[in-house]
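The values are calculated or read from the model by the stated rules, or taken from the named source; none is laboratory data. Bear in mind the structure is a predicted one, so any value in this text is a computation, not a measurement. Using ideal geometry, Cβ is built from the backbone for each residue, glycine included, and neighbour counts are taken over all protein chains shown.
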Amino acid sequence: MRCSYCNLACRFAVDTDDLGIIGLNYRDGRLCARGCANEILLKSGRRLTNPVVEFLPTSWEATIKKIKDLISRYQESMVITVGSELTLDEFQLIRGLARALKVRIIPIGLGGGDFQLDGVTVGNLSEIESAERLITFGSLFEAGPIIANSILNFRYRKGTVLYHLDSLPSRIVSFADHFLPLSPGEEAKGLTEVLERKEFASMVADVKEHPTLIIGAITPARFSDPVAAGLALQYLARSLKKKVITITTKVGWSGDGTFEDLIRDVKGGKIKLILNFGDELLYFADLLKGVRLITTTTFTIEPKRGWILLPAAISAEKGGKVRTVGGFETAEPFPPPSGVYPIEKLIGMIATGIKPLRYEPVVVDDDFLFRRIEGRGKKGKGTITLYGVPSPIHFRDLFQRPLWIWLSQKDLVRMRLTDYNTVRVGTKSYSIEAEPRVHPLLPEGVATIPIDSPQTWPLFSFSGSNLIPTEVRLWRGRST
């Protein structure tokens, strides 16, 4: 089996005995906290194992009849939404269903799919062993913790140099030979200007003379435009004539619209029915008022009026092609609980004769990249720019860790806060509790919070289907 929570797609096996699941076997190394969570999810007593219609457990036969009736009634005002944790086979079949029903697909996650810049050469992780120079970008250790061991082994080899480019500090900064800062909110623009700017001249000259690999992490709410940041990293690699590897979490699929389009049409009354595959849309349930929702879900959740819940398989229970750094690779499934049907069977019950539509990464040119690059917006008075950073130990809140928000000492004093005392972090429409921590390398006016927690997703703004940094307020007792 392969873990699909990031595109490192680490291998593991599930060990069982006569009584059920014993645990996970990491035969090819280790798993990060996200991967280890597969054991928690497999054993969880909160798994949904039967459909729920209008708050009541219902048979599959009655549920499918209800779904068909709803589709027939609302087909002209219906959309299909898809999350990031789908296999290639599942998404291609969902595309076939959308085509048959003549409805749109809206991606939730790092929207727009996995864009690839024309002329870029993709590397593989084994090339770290032969590289003499590494250029890294983004929260690499947090996005793909398992890659940390390979990078540390590289760092301790004689004659190697590690350059790290980023706008915010992360764990890899402590191990880099050179940390070259970019401006927060302007990371994509900075990457496209590396060969022109004097502060990068010595790095450029050095890597041109040595075998070099470029590795970056592109994650939600970390960049003002995650798609542009990923393409800009590819642009840098192509300009230096080097290979590039991109570590991603929550990468969406290309669709016929964006999350912004979805919310606008919901508010305008144009959408009456959503058929959703994945968990991400459920984080924004409060934005879906007045809409009937048919959704797959792994766990038992509190439904709302007009909702139909369909039990879904978790990552370890899915077979087929999963996204990896080098393309798509086949994963072997673990049998799901009784009553949980794979998406292939579910679609077959909803509509017969559905054929999968082929999906391939979208190849774009330089003009597409430069049209997307925009500068950072102005902050509102009394606010702070909140960025999301990957944190596997906060994955779906399964490990019950308190939420921390990191900020500079100056911002802590300016907002009259004290570290380790709970504060509210929020926008006009949503807020959560978090414990402030001081990070000595964070620039003033910037804060970071774990993005792997479902609690934090509604804090962020959307641009298209991309979660992006947002302006928030922090307060204790009263607004600052």
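Residues checked against (1) buried (at least 20 other Cβ atoms within 10 Å of the Cβ); (2) in contact with a Ser or Thr (Cβ under 9 Å, 6 or more places away or on another chain); (3) assigned to a helix (DSSP H, G or I); (4) in the same structural domain as Leu236 (by TED's automatic domain parsing):
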| position | (1), (2), (3), (4) |
| --- | --- |
| Asn38 | yes, yes, yes, no |
| Asn50 | no, yes, no, no |
| Ile64 | no, no, yes, no |
| Arg95 | yes, no, yes, no |
| Arg99 | no, no, yes, no |
| Ile106 | yes, yes, no, no |
Query raised in the report: Out of (1) within 30 Å of Gly123 (Cα to Cα); (2) surrounded by fewer than 18 Cβ atoms within 10 Å (Cβ to Cβ); (3) in contact with a Lys or Arg (Cβ under 8 Å, 6 or more places away or on another chain), what's the single condition that is false for Arg371?
Result: (3)
Report task. Would you check if Thr81 is part of a helix (DSSP H, G or I) and surrounded by 18 or more Cβ atoms within 10 Å (Cβ to Cβ)? Result -> no
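Filter segment 435-477 down to residues that are touching a residue at least 40 places away in the same chain (Cβ under 8 Å), among the charged types (D, E, K, R) and not in a loop (DSSP other than H, G, I, E, B) and give me whichever is surrounded by the most Cβ atoms within 10 Å (Cβ to Cβ).
Ranking the qualifying residues of segment 435-477, first place goes to Arg473.
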Requested in this report: Assess whether Glu187 counts as being of a type in the set (Asp, Glu) and under 22 Å from the mean Cα position of the chain (by Cα).
Outcome: yes
**Report entry** Selection within segment 263-286 - buried (at least 16 other Cβ atoms within 10 Å of the Cβ) and either more than 19 Å from the chain's Cα centre (by Cα) or not assigned by TED's automatic domain parsing to the domain that holds Glu76 (or both)
**Finding:** Ile263, Asp265, Val266, Ile271, Lys272, Leu273, Ile274, Leu275
**Report entry** From Glu260, Glu302, residue being assigned by TED's automatic domain parsing to the domain that holds Lys68, free of Cβ contacts under 8 Å to residues at least 24 places away in the same chain, more than 30 Å from Gly123 (Cα to Cα) and of a type in the set (Asp, Glu)
**Finding:** Glu302
Query raised in the report: Of all residues in segment 15-52, which are β-branched (Val, Ile, Thr) and touching a Leu at 6+ places or on another chain (Cβ under 8 Å)?
Result: Ile21, Ile40, Val52
**Report entry** Residue list for segment 330-348, filter: assigned to a helix (DSSP H, G or I) and in contact with a helix residue (DSSP H, G or I) (Cβ under 7 Å, 6 or more places away or on another chain)
**Finding:** Ile343, Glu344, Ile347
Report task. Answer yes or no as to whether Arg133 is over 24 Å from Gly35 (Cα atoms), in contact with a Pro (Cβ under 8 Å, 6 or more places away or on another chain) and of a type outside the set (S, T, N, Q). Result -> yes
Requested in this report: Hey, can you tell me all the residues within segment 241-272 that are in contact with a Cys (Cβ under 7 Å, 6 or more places away or on another chain) and at pLDDT 85 or above?
Outcome: Ile247, Thr248
Report task. Please work out which one of (1) surrounded by fewer than 24 Cβ atoms within 10 Å (Cβ to Cβ); (2) in a helix (DSSP H, G or I) is the condition Gly230 fails and give its number. Result -> (1)
Requested in this report: Mind listing just one residue for me: the one in segment 66-78 that is out of contact with any helix residue (DSSP H, G or I) (no Cβ under 9 Å at 6 or more places or on another chain), farther than 18 Å from Gly257 by Cα and not basic (Lys, Arg) and, of those, surrounded by the fewest Cβ atoms within 10 Å (Cβ to Cβ)?
Outcome: Ser72
Report task. Collect the residues in segment 305-329 that are β-branched (Val, Ile, Thr) and either assigned to a loop (DSSP other than H, G, I, E, B) or outside the structural domain of Arg47 (by TED's automatic domain parsing) (or both), keeping them in residue-number order. Result -> Ile314, Val325
Report task. Can you tell me which residue within segment 191-223, out of those that are more than 20 Å from Gly327 (Cα to Cα) and touching a Lys or Arg at 6+ places or on another chain (Cβ under 6 Å), is modelled with the lowest pLDDT? Result -> Pro220
Query raised in the report: Under the condition of being free of Cβ contacts under 8 Å to residues at least 12 places away in the same chain and part of a loop (DSSP other than H, G, I, E, B), which residue from segment 1-36 is surrounded by the most Cβ atoms within 10 Å (Cβ to Cβ)?
Result: Leu19
Query raised in the report: So which of Gly144, Gly190 ends up being buried (at least 21 other Cβ atoms within 10 Å of the Cβ), touching a Cys at 6+ places or on another chain (Cβ under 8 Å) and on the phi < 0 side of the Ramachandran plot?
Result: Gly144
Report summary line: Within segment 302-341, residues being within 20 Å of the chain's Cα centre (by Cα), surrounded by fewer than 18 Cβ atoms within 10 Å (Cβ to Cβ) and within 27 Å of Lys68 (Cα to Cα) number 0
